[in-house]
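Undergrad: I have a structure I would like to understand better, so I am pasting it below and will then ask my questions one at a time.
The values are calculated or read from the model by the stated rules, or taken from the named source; none is laboratory data. Owing to the predicted nature of the structure, the values given are computational and were not obtained by experimental measurement. Counting neighbours? That spans all protein chains shown, and the Cβs are built from the backbone with ideal geometry, glycine included.
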Amino acid sequence: MSIPRGAFLRIVDNSGARLGQVIWTRFSAAKVGSVVKVAIKEAKGGKVATGQMKKAVIVETKAPTRRPNGAHFQFLRNGCVLLNEKGAPIGNRMRSLLAYEFAKPRWKRLSALGKRLY
């Protein structure tokens, strides 16, 4: 199981938000690449304020993620990037590496912000 409803996430972009809580997922738990709805719990200036609800994509999970080739990877924290209503990232910089799963055309704008794909 990866990230359930109610879990707290570090927000790893420069939108101004620092901490968010998952309030909606499509399935019972979210994994890397899942879009969730997040309530902003802590913000410090910027484009979002505390108490707002935004869409976010999960980019880091503590739980191991398995790839089809048998490899596993995991991060030291649970993290996400905030999205606007059209699905584009709100911030213009990320403080995280991106997994290779974000090389798909859907995440073209997001992968351009990341340092590298691994």
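Undergrad: Quick check, is K62 assigned to a strand (DSSP E or B), touching a strand residue (DSSP E or B) at 6+ places or on another chain (Cβ under 9 Å) and closer than 22 Å to T25 by Cα?
TA: No; evaluated as a whole, the condition is false for this residue.
Undergrad: Any idea which of E85, E42, E60, E101 is in contact with a Gly (Cβ under 6 Å, 6 or more places away or on another chain) and surrounded by fewer than 18 Cβ atoms within 10 Å (Cβ to Cβ)?
TA: E101
Undergrad: What do you reckon, is G46 part of a loop (DSSP other than H, G, I, E, B) and modelled with pLDDT under 95?
TA: yes
Undergrad: Of the conditions (1) outside any strand (DSSP E or B); (2) buried (at least 17 other Cβ atoms within 10 Å of the Cβ); (3) of a type outside the set (A, V, I, L, M), R26 clears all except one; give me its number.
TA: Against the list (1) outside any strand (DSSP E or B); (2) buried (at least 17 other Cβ atoms within 10 Å of the Cβ); (3) of a type outside the set (A, V, I, L, M), R26 comes up short only on (2).
Undergrad: Regarding segment 65-74, can at least one residue be identified that is over 15 Å from G16 (Cβ atoms), part of a strand (DSSP E or B) and touching a Gly at 6+ places or on another chain (Cβ under 8 Å)?
TA: The answer is no, given that none of the residues of segment 65-74 is over 15 Å from G16 (Cβ atoms), part of a strand (DSSP E or B) and touching a Gly at 6+ places or on another chain (Cβ under 8 Å).
Undergrad: With R93, R109, R66, R77 as the choices, which residue is loosely packed, with under 14 Cβ neighbours inside 10 Å and in contact with a Pro (Cβ under 7 Å, 6 or more places away or on another chain)?
TA: R109
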